[in-house]
Amino acid sequence: MTALFTALLAIVLALTVVPAASAATDADTGLSEEAAGALAAQAAEMPGGIVEGNTIVYPDGSYFVALDAETFSLSECSSGYFCGWAQSNFSGSFFAVSGSGVTKSLSWSTRSYWNRRSAIARLYNNTATASTCFAVNESRATIDSSYYTPDKVTLSTSTSC
């Protein structure tokens, strides 16, 4: 019984929700200073996620992955997600959101996107006054600067823009 309790306690501690004030350092995580800084900034900006290595997973299924700016990470965008990268050409830290028929508020700074979903996604600029449509499986290595800090993305059920 004691071994079972110890194992369950270890699982609970491993899945502890990170509060906004939490800070990750490379000594704590084994991440580079740049990736650790991105992880800490994300945890402060959007608290309530669960940290798993260099990833923060949120209750709605969205996730953020902290990587160095020069790290090409296109393959890490899972099927069924709309992903945005901090750097052009799908490099650096990125976020991923999923859903269908929903609008998600965004707070990430991004330079490239991939709609890896089976329906369109509509990304709204930083003032939510204009939008651009991403077709099914469309990616853009660069985007207009008005979408660097997008307001939101609508994950549609439609398959055409």
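On the stretch given as the range 144-161, residues that are in a loop (DSSP other than H, G, I, E, B), modelled with pLDDT of 95 or more and buried (at least 16 other Cβ atoms within 10 Å of the Cβ) total 1.
Quick one: would you say residue 107 is more than 19 Å from residue 160 (Cα to Cα) and either in contact with an Asp or Glu (Cβ under 8 Å, 6 or more places away or on another chain) or assigned to a helix (DSSP H, G or I) (or both)? Explain how you work it out, then say what you get.
On the way: more than 19 Å from residue 160 (Cα to Cα): yes; either in contact with an Asp or Glu (Cβ under 8 Å, 6 or more places away or on another chain) or assigned to a helix (DSSP H, G or I) (or both): yes.
Taking the combined requirement at face value, the residue satisfies it.
Restricting attention to the range 110-123 and to residues that are free of Cβ contacts under 8 Å to residues at least 40 places away in the same chain and not in a strand (DSSP E or B), the residue that is nearest to residue 142 (Cα to Cα) turns out to be 111. Per the listing 69, 41, 86, 96, the residue uniquely more than 26 Å from residue 118 (Cα to Cα) and outside any loop (DSSP other than H, G, I, E, B) is 41. Residue count for the range 64-80 satisfying the condition of being modelled with pLDDT of 95 or more and either out of contact with any Lys or Arg (no Cβ under 7 Å at 6 or more places or on another chain) or of a type in the set (Phe, Trp, Tyr) (or both): 0.
When residues in the range 124-147 are screened for being touching a residue at least 40 places away in the same chain (Cβ under 8 Å) and aliphatic (A, V, I, L, M), 1 of them pass. Could you tell me whether the range 111-119 includes any residue that is aromatic (Phe, Trp, Tyr), closer than 17 Å to residue 38 by Cα and within 13 Å of the chain's Cα centre (by Cα)? No, the conditions are met nowhere in the range 111-119.
Only one of the listed residues (97, 51) is outside the structural domain of residue 111 (by TED's automatic domain parsing) and in contact (Cβ under 8 Å) with a residue 12 or more places away in the chain. That residue is 51. Selection of the range 110-129 for residues being surrounded by fewer than 17 Cβ atoms within 10 Å (Cβ to Cβ) and closer than 24 Å to residue 45 by Cβ yields 126, 127, 128, 129.
What number of residues in the range 72-83 are assigned to a helix (DSSP H, G or I) and more than 10 Å from residue 112 (Cβ to Cβ)? Counting residues in the range 72-83 that are assigned to a helix (DSSP H, G or I) and more than 10 Å from residue 112 (Cβ to Cβ) gives 2. In the set (1) at pLDDT below 50; (2) of a type outside the set (A, V, I, L, M, F, W, C); (3) assigned to a loop (DSSP other than H, G, I, E, B), residue 59 fails one condition alone, (1).
Answer with yes or no whether residue 93 is surrounded by fewer than 21 Cβ atoms within 10 Å (Cβ to Cβ), in contact with a strand residue (DSSP E or B) (Cβ under 9 Å, 6 or more places away or on another chain) and either within 19 Å of residue 46 (Cα to Cα) or at pLDDT below 95 (or both). Spelling it out, it is not the case that residue 93 is surrounded by fewer than 21 Cβ atoms within 10 Å (Cβ to Cβ), in contact with a strand residue (DSSP E or B) (Cβ under 9 Å, 6 or more places away or on another chain) and either within 19 Å of residue 46 (Cα to Cα) or at pLDDT below 95 (or both). Residue under question is residue 140, and the condition is that it be buried (at least 21 other Cβ atoms within 10 Å of the Cβ) and among the basic types (Lys, Arg); does it hold? No; evaluated as a whole, the condition is false for this residue.
The values are calculated or read from the model by the stated rules, or taken from the named source; none is laboratory data. Just so it is clear, the structure is predicted and the values come from calculations on it, not from any experiment. Glycine also receives a Cβ, built like all others from the backbone with ideal geometry; neighbour counts cover every protein chain displayed.
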